[in-house]
Amino acid sequence: HRYSAKSFDWKKLPAKFKLKHSHYYNDLGIYFYNSRDYKRAAAMFKKAFHLDKNNDVFAANIFNALDNLNQHANGLKFIQSQPAEIKQKDYMRAWKARFLEKTGKTGKAIEIFEQLFAGNYREHDDFFKYVNLLENNNRKDDAVKAYETYLAAGETVKLRTGQAWLMYRMEKYKEGAAILKTLLDKGPFNAEIAFDLISMYSKAGEYRTGLN
C-alpha cells in the first residue's frame, strides 16, 4: 500500500503497520524523554498510543511525561477521553488516582485506591501511595488494615518494613519491633533493619532486649 502525505488517514492504515508505526513514535518519545523534552515526548507517546490503545507501556509513558510537566489535570482529561473499556483498566484507574491526589482531590484518590486494592491489584509503589494517603488523612487504623490485607497475598522486606514504621508512627513500638524481629529471624542479617529494631526497642523502653 502507498499513502500520499496529503491524503494519509491513520484509520485506513493496516493493523500491522499501525503497530509498527506505534513503536516508531514511542522510540521517538523515549528519545525526547531522555533529553528532558517532556512536551515533545508526550506528543510522540500520544501518537503511539493512538495507534495501539492496548499497549499499557505507551500509556504509562504519556503519564510519566505529563507528570514531569506537572500537567496532572491534562492527565485526568486524557484518561477521561478514552473509551470506557480502556479507562476502566486497573493501570488507568491507578494513574487517575495519582493525578487526583496531585490536583488536591485526595478523597477521590483514596476511593479509587480502595477499590483497586479491594480486588487483585498488586503494585507496591501505588500501595505505598495509598497507605500514605490514609495515614496523612487521619486514617491510620485503615492503613493498618490495608497492610494486613495486602500482605496476606504476599510480602517483601520493603512492605514489612513499611508496616513496622507505620506502627512506630502510631507509637505502637512493640508491634513495630515484633515485625522487624520476624524479618531478621527469617532472612539473612540486615544491618539497617537491626539498627531500626534497636531504635524501636529503645522507644518501647526495652533497652536490654535491644542490646541482645
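Scanning for something of a type in the set (D, E, K, R) and at pLDDT 95 or above, does the range 48-66 turn up at least one residue?
no
Checking Lys181 against (1) farther than 23 Å from Lys96 by Cβ; (2) open to solvent by 70 Å² or more (accessible area, probe 1.4 Å); (3) part of a loop (DSSP other than H, G, I, E, B); (4) not aliphatic (A, V, I, L, M): exactly one of these is not met. Which one?
The failed condition is (3).
Taking Ala194, is it more than 30 Å from Asp67 (Cβ to Cβ) and either outside any loop (DSSP other than H, G, I, E, B) or without any contact (Cβ under 8 Å) to a residue 24 or more places away in the chain (or both)?
Considered against the rule, which asks whether it is more than 30 Å from Asp67 (Cβ to Cβ) and either outside any loop (DSSP other than H, G, I, E, B) or without any contact (Cβ under 8 Å) to a residue 24 or more places away in the chain (or both), Ala194 comes out as yes.
Matching residues to (1) open to solvent by 40 Å² or more (accessible area, probe 1.4 Å); (2) more than 18 Å from Lys87 (Cβ to Cβ); (3) of a type in the set (Asp, Glu); (4) without any contact (Cβ under 8 Å) to a residue 60 or more places away in the chain:
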position	(1), (2), (3), (4)
Asn26	no, yes, no, yes
Tyr31	yes, yes, no, yes
Arg36	yes, yes, no, yes
Ala41	no, yes, no, yes
His50	yes, no, no, yes
Asn54	yes, no, no, yes
Ala60	no, no, no, yes
Asn64	yes, no, no, yes
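Where the second residue is assigned to a helix (DSSP H, G or I) and surrounded by 14 or more Cβ atoms within 10 Å (Cβ to Cβ) and the first is among the acidic types (Asp, Glu) and lies in the range 169-186, which pairs have Cβ atoms under 7 Å and are six or more apart or on separate chains?
Correct list of pairs: Glu175/Met167.
Got at least one residue in the range 79-102 being of a type in the set (Val, Ile, Thr), surrounded by 14 or more Cβ atoms within 10 Å (Cβ to Cβ), in contact with a Leu (Cβ under 6 Å, 6 or more places away or on another chain) and in a helix (DSSP H, G or I)?
Checked the range 79-102: no residue is of a type in the set (Val, Ile, Thr), surrounded by 14 or more Cβ atoms within 10 Å (Cβ to Cβ), in contact with a Leu (Cβ under 6 Å, 6 or more places away or on another chain) and in a helix (DSSP H, G or I).
Name the residues in the range 68-78 that are out of contact with any helix residue (DSSP H, G or I) (no Cβ under 6 Å at 6 or more places or on another chain), over 17 Å from Asn26 (Cβ atoms) and part of a helix (DSSP H, G or I), would you?
Passing the criteria: Ala73, Lys77.
The values are calculated or read from the model by the stated rules, or taken from the named source; none is laboratory data. Because the structure is predicted, anything quoted here is derived from the model rather than measured. Heads up, the Cβs are rebuilt from the backbone with ideal geometry, glycines too, and the neighbour counts pull from every protein chain shown. Surface accessibility is based on the protein's heavy atoms, side chains included, excluding ligands, DNA and RNA. Shrake-Rupley method; radii C 1.70, N 1.55, O 1.52, S 1.80 Å.
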